[in-house]
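Q: Just dropping this structure here.
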Amino acid sequence: MSQRDEQGGHVHPGGVENGAVDPELIERSRRLFSGRVDFLLSAPALKFLPDPVVPEVAFAGRSNVGKSSLLNAITGRKSLARTSVTPGRTQELNFFEVGGIAGELPDFRLVDMPGYGFAKAPPKVVEQWRKLVRDFLRGRVVLKRCLVLIDSRHGVKDVDIEMMEMLDGAAVGYRLVLTKADKIKASDLSAVHASVLAEARKHSAAFPQVAVTSSETGLGVAELRAAVLADAEL
Ligand code: GDP
């Protein structure tokens, strides 16, 4: 059983390929993310968004999916994105600047979108989330791509489908990314990978591939980092 770490081979325990990624792109993304990665601002409403002057790549997913952990793993920081303490409290778009030098425009930005699908959220909060996300997706001309994170243990839920349909509607292309792959058996990982891939094929803006990651072991992280850079350079 071979497992891919940041430098490793291509096959992980599920036997599901993450796909070969250009080693030059992997190295370039590693170098880029080891440089400047700065928190810029939190926008609770569209009027607080930063000027749309550089490309952006957004991360979306259910609350507790492992979004903060994956952002931290991709950027190689311990606590860039706060791991969730109070799920569902934050209804903000968080922006991070990547590349370039402080005080100047970055190469691109990462956008940490508010987690969704948390239990016991008042309808008003859900509606607020829906409006913020929908308006952002529809109006953000610099948004190159979105990553939709799916917990390997749970697969695609109805709220994920709602998110995917919002992305389809806004014509924002997205990658589906399985998180916490270390938490389940190889056979279960293969099954969830197949079902998420089947769901992806039903959606006009989804990539017909599903990335498999673990922030805990580093599985798939280097490849995803490279994919984010490729997306930002679209
Ligand atoms: P967020 O709410 O989507 O930002 O999720 P977090 O990043 O805060 O993660 C939620 C919980 O899952 C935390 O307890 C993390 O430590 C845990 N977690 C996140 N990613 C992984 C992973 O790849 N493997 C394992 N085993 N646990 C993870």
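Q: In vacuum, with every alpha carbon of segment 179-225 counted as one equal point scatterer, what does the Debye formula give for log10 I(q)/I(0) at q = 0.27, 0.30 Å⁻¹? Two decimals, please.
A: With no solvent term, the Cα-only Debye profile gives -1.01, -1.07.
Q: To make sure I understand the rule: partners must be lysines, Cα under 23 Å from the Cα of LYS185, and not fewer than 8 residues away in the same chain. Which ones qualify?
A: Once the sequence-local lysines are set aside, what remains near LYS185 is LYS67, LYS157.
Q: Please report, as a whole percent, how much of the solvent-accessible surface of the chain comes from carbon and sulfur atoms (probe radius 1.4 Å). Display every interim value, and only then the final one.
A: Working: 5640 of 10960 Å².
About 52 percent, which is the carbon plus sulfur part of the accessible surface.
Q: Give me the dipole magnitude in Debye, nearest 20, for segment 26-132 about the Cα centre, with unit charges on the beta carbon: positive for Lys and Arg, negative for Asp and Glu.
A: Working: 16 positive and 10 negative charges, 101 e Å.
Around 480 debye, computed over segment 26-132.
Q: With every protein chain present, what accessible area does HIS154 have (1.4 Å probe, heavy atoms only), rounded to the nearest 10 Å²?
A: Near enough 90 Å² of accessible area.
Q: Note the full-extension length gain between ARG130 and LEU197 as 0.36 nm times their separation in residues minus their Cα-Cα distance, in nm to one decimal. All intermediate terms of the calculation are to be shown ahead of the outcome.
A: On the way: separation 67, 0.36 × 67 = 24.12 nm, distance 2.47 nm.
Full extension of this stretch gives 21.6 nm more.
Q: What's the magnitude of the charge dipole for segment 97-152 around its Cα centre, counting Lys and Arg as +1 and Asp and Glu as -1 at the beta-carbon? Answer in Debye, nearest 20. Could the numbers behind the result be given before it?
A: Numbers: 10 positive and 7 negative charges, 84 e Å.
Here the size comes out at about 400 debye.
Q: A further question on this structure: Taking the solvent-accessible surface of protein heavy atoms with a 1.4 Å probe, what is the per residue accessible area of the chain in Å²?
A: Numbers: 10960 Å² over 234 residues.
Roughly 47 Å² per residue, with all protein chains present.
Q: Ordered by packing density, taken as the mean number of other Cβ atoms within 10 Å over each peptide's residues, highest first, how do 71-77, 181-187 rank? The partial results should precede the final answer.
A: Working: 71-77: 20.1, 181-187: 16.4.
The densest-packed peptide leads the list: 71-77, 181-187.
Q: Run through every distinct alpha carbon pair of the chain and return the Kirkwood hydrodynamic radius in angstroms, one decimal place.
A: Values: mean 1/r = 0.0564 Å⁻¹.
Mean inverse Cα-Cα distance, inverted, gives 17.7 Å.
Q: Same structure again: Could you pull out every one of the aspartates and glutamates with an alpha carbon less than 18 Å from that of LYS202, ignoring same-chain neighbours closer than 8 positions?
A: Those aspartates and glutamates meeting the cut-off are ASP158, ASP160, GLU162, GLU165, ASP168.
Q: Grab the beta carbon distance between GLU162 and LEU41, set R0 = 22 Å, and tell me the FRET efficiency rounded to 0.05. Each step should come with its number before you reach the end.
A: On the way: r = 26 Å, r/R0 = 1.20.
The calculated FRET efficiency here is 0.25.
Q: Now a separate question. If you place +1 on the Cβ of every Lys and Arg, -1 on the Cβ of every Asp and Glu, and leave all else neutral, what size is the dipole of the chain about its Cα centre, to the nearest 20 Debye?
A: Numbers: 31 positive and 29 negative charges, 139 e Å.
The calculated dipole for the chain is roughly 660 debye.
The values are calculated or read from the model by the stated rules, or taken from the named source; none is laboratory data. What you see is a predicted model; the values in this text were computed from it and never measured. Note that we place each Cβ from the backbone using ideal geometry, even for glycine, and neighbour counts take in every protein chain shown. What goes into the accessible areas is simple: the full protein's heavy atoms, side chains included, and nothing from ligands, DNA or RNA. Shrake-Rupley method; radii C 1.70, N 1.55, O 1.52, S 1.80 Å.
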